[in-house]
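Colleague: Structure in structure tokens, see below.
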Amino acid sequence: MAAAVRLVSEQGTTALSVTDLADAADVSRQLVYLQFGDRDALLVAAAADLVERELLPGAGDAGAPRRARMLAMARHFARHRSFYRAMLTGSCAFAMTRALNRLFGSLITMAGLREAFGDLDDATAQDLAALITGGTGAIVNDWVIDADDPLDPEELADRLLRLSAALAHSDPTPTPGGRPR
């Protein structure tokens, strides 16, 4: 999977052959097909693995301040921009978006939603979690794909915090530097 991330990042595309991916990982094409079924499934699995290994440990720490979690997420996507840009614009974009939504959806708790939005029935809470996850994903996708270089993780983190505060009908508490917490 690391070889797939490296190759997509270097080439800037997901239009790679299974042979190229297998060679980069020093495995057989047969193993790739047996393990993943096809190229796109391998690439999405590699992206999910990257998120789980590098992003979720920092962004998923519920005890950390929200700004720190948002900044960890933004920095991750900025650091791996060439990989994610290729993944979000290539042949596996739909599967990639769904996988990211599932991963980030796991960070939203029903208790947290009820704390922010009041007493919600389970179906409404699940729909709200999907709305928040999908909307956040759309903003991050646009930022990764279209924003000017270099990406500014601080700007994205602040944008997402402002939206979060607006959704919760509260004002973000500024820090001494004027940024939301």
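Colleague: For residues that are out of contact with any helix residue (DSSP H, G or I) (no Cβ under 9 Å at 6 or more places or on another chain) and part of a loop (DSSP other than H, G, I, E, B), scanning just region 36-64, find the one that is farthest from ASP148 (Cα to Cα).
Modeller: So the first thing to find is which residues in region 36-64 are out of contact with any helix residue (DSSP H, G or I) (no Cβ under 9 Å at 6 or more places or on another chain), and the list is 37, 53, 63.
Next, from what is left, pick out any that are part of a loop (DSSP other than H, G, I, E, B): 37, 63.
Details: GLY37: 36, GLY63: 32 Å.
Looking at residues that are out of contact with any helix residue (DSSP H, G or I) (no Cβ under 9 Å at 6 or more places or on another chain) and part of a loop (DSSP other than H, G, I, E, B), I get GLY37.
Colleague: Within region 65-104, track down each residue that is under 19 Å from ARG159 (Cβ atoms), part of a helix (DSSP H, G or I) and touching a residue at least 60 places away in the same chain (Cβ under 8 Å).
Modeller: Across region 65-104, the qualifying residues are ARG66, ARG67, MET70, LEU71, MET73, ALA74, ARG75, PHE77, ALA78, ARG81, TYR84, ARG85.
Colleague: Something else about it: Residues to consider are VAL44, VAL18; find the one that is in contact with a Cys (Cβ under 8 Å, 6 or more places away or on another chain) and of a type in the set (A, V, I, L, M, F, W, C). I'd like the intermediate steps shown before the answer.
Modeller: On the way: VAL18 fails: in contact with a Cys (Cβ under 8 Å, 6 or more places away or on another chain).
From the options VAL44, VAL18, the qualifying one is VAL44.
Colleague: Within region 73-86, is there a residue that is aliphatic (A, V, I, L, M), at pLDDT 95 or above, within 23 Å of ASP20 (Cα to Cα) and crowded, with 17+ Cβ neighbours inside 10 Å?
Modeller: There is at least one residue in region 73-86 that is aliphatic (A, V, I, L, M), at pLDDT 95 or above, within 23 Å of ASP20 (Cα to Cα) and crowded, with 17+ Cβ neighbours inside 10 Å.
Colleague: Any idea which of (1) touching a helix residue (DSSP H, G or I) at 6+ places or on another chain (Cβ under 6 Å); (2) among the β-branched types (Val, Ile, Thr); (3) crowded, with 17+ Cβ neighbours inside 10 Å is the one THR97 doesn't satisfy?
Modeller: Condition not satisfied by THR97: (1).
Colleague: Follow-up. Within region 10-32, which residues are under 15 Å from ALA47 (Cβ atoms), in a loop (DSSP other than H, G, I, E, B) and of a type in the set (A, V, I, L, M)?
Modeller: Listed by number, the list holds a single entry, LEU16.
Colleague: Could you tell me whether LEU7 is part of a helix (DSSP H, G or I), at pLDDT 95 or above and either farther than 29 Å from ASP148 by Cβ or touching a strand residue (DSSP E or B) at 6+ places or on another chain (Cβ under 6 Å) (or both)? Outline the logic, then answer.
Modeller: Details: part of a helix (DSSP H, G or I): yes; at pLDDT 95 or above: yes; either farther than 29 Å from ASP148 by Cβ or touching a strand residue (DSSP E or B) at 6+ places or on another chain (Cβ under 6 Å) (or both): no.
No: the conditions fail for LEU7.
The values are calculated or read from the model by the stated rules, or taken from the named source; none is laboratory data. These numbers come from a predicted model, not from an experiment. For neighbour counting, all protein chains shown are included, and Cβ atoms are generated from backbone atoms with ideal geometry for every residue, glycine included.
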